[in-house]
Amino acid sequence: MTNKLPAVIEAQKAIGAVLEDLETKTASDVRDIGLEDMVDTDPRTGAPVVQKAVEIKLQPRPSKKWSR
């Protein structure tokens, strides 16, 4: 789908800002992002429930050192 809904475009911009902040705070580059199903326990019923989770993989940036 090439015509994205305005809400999708807005969400992509918000996610991009969060990832940029994460890279700045961790001195790393985002290597991969994935959406996964995970099983958790519903606190009200105690029954298992499948929820979506986001996994973000970071790769540390090599540190720069200038020769003196």
For this session: Determine which lysines satisfy two conditions relative to LYS65: a Cα distance under 28 Å, and not lying fewer than 8 residues away in the same chain.
Result: LYS25, LYS57
Seminar exercise, completed: Residues whose modelled amide H sits under 5 Å from the amide H of SER28, counting only those 5 or more places away in sequence or on another chain, are ARG61
For this session: Could you rank the peptides 10-20, 41-51 by their average count of other C-beta atoms within 10 Å per residue, with the highest value first?
Result: 10-20, 41-51
For this session: Determine which lysines satisfy two conditions relative to LYS52: a Cα distance under 21 Å, and not lying fewer than 8 residues away in the same chain.
Result: LYS13
Seminar exercise, completed: Measuring from the longest principal axis of the C-alpha atoms of the chain, the long axis of helix 6-26 (C-alpha) lies at a number of degrees, nearest 10, equal to 50
Exercise. Could you give the length gained on full extension between VAL30 and GLN59, defined as 0.36 nm per residue of separation minus the Cα-Cα distance, in nm?
Worked result: 9.8 nm
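Any read-out appearing in this document is the output of simple, stated calculations on the displayed coordinates, not a laboratory observation. Just so you know, these numbers come straight off a predicted model, no measurement behind them. When we count neighbours, we look across all protein chains shown, and the Cβ atoms used for this are built from the backbone with ideal geometry, even at glycine.
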